[in-house]
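Notes follow the structure.
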Amino acid sequence: MSISEEWEEMHLTPSGWVGGSYRHEPGPEVIVERPADEVLTVRRHVAATYCGPSRATEDRTPQTEDMLLIETLLARYGNPAFEV
């Protein structure tokens, strides 16, 4: 039984990481328009249970077929910093 379900998206662009849509407890879902030049979207989902461990998962979705560009930008900017 989950008591907390939060998620957040970050978008990798040529100028760095850009915050995206999110849902932080206890607030509502907030939809943010994706940047036009995104090359990778990372979505982090955190589920916490009462008196139990929390579980975090991350899904990475390329927005381009240019894997070298994604690798270059990840080397330059590192991994996204989430608030959840």
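The values are calculated or read from the model by the stated rules, or taken from the named source; none is laboratory data. Bear in mind the structure is a predicted one, so any value in this text is a computation, not a measurement. Cβ coordinates were reconstructed from backbone atoms using ideal geometry, including for glycine residues, and neighbour counts include every protein chain displayed. Accessible surface areas use protein heavy atoms only, side chains included; no ligands, DNA or RNA. Shrake-Rupley method; radii C 1.70, N 1.55, O 1.52, S 1.80 Å.
The figures follow:
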item: Flag if L73 is modelled with pLDDT of 95 or more, among the aliphatic types (A, V, I, L, M) and open to solvent by 90 Å² or more (accessible area, probe 1.4 Å); result: no
item: Hits in segment 24-44 - residues which are assigned to a strand (DSSP E or B) and either under 18 Å from L12 (Cβ atoms) or basic (K, R) (or both); result: L40, T41, V42, R43, R44
item: Given (1) surrounded by fewer than 15 Cβ atoms within 10 Å (Cβ to Cβ); (2) assigned to a strand (DSSP E or B), number of the condition E6 does not satisfy; result: (1)
item: Subset of segment 34-60 [open to solvent by less than 70 Å² (accessible area, probe 1.4 Å) and farther than 16 Å from G16 by Cβ]; result: R44, H45, V46, A47, A48, T49, G52, A56, T57
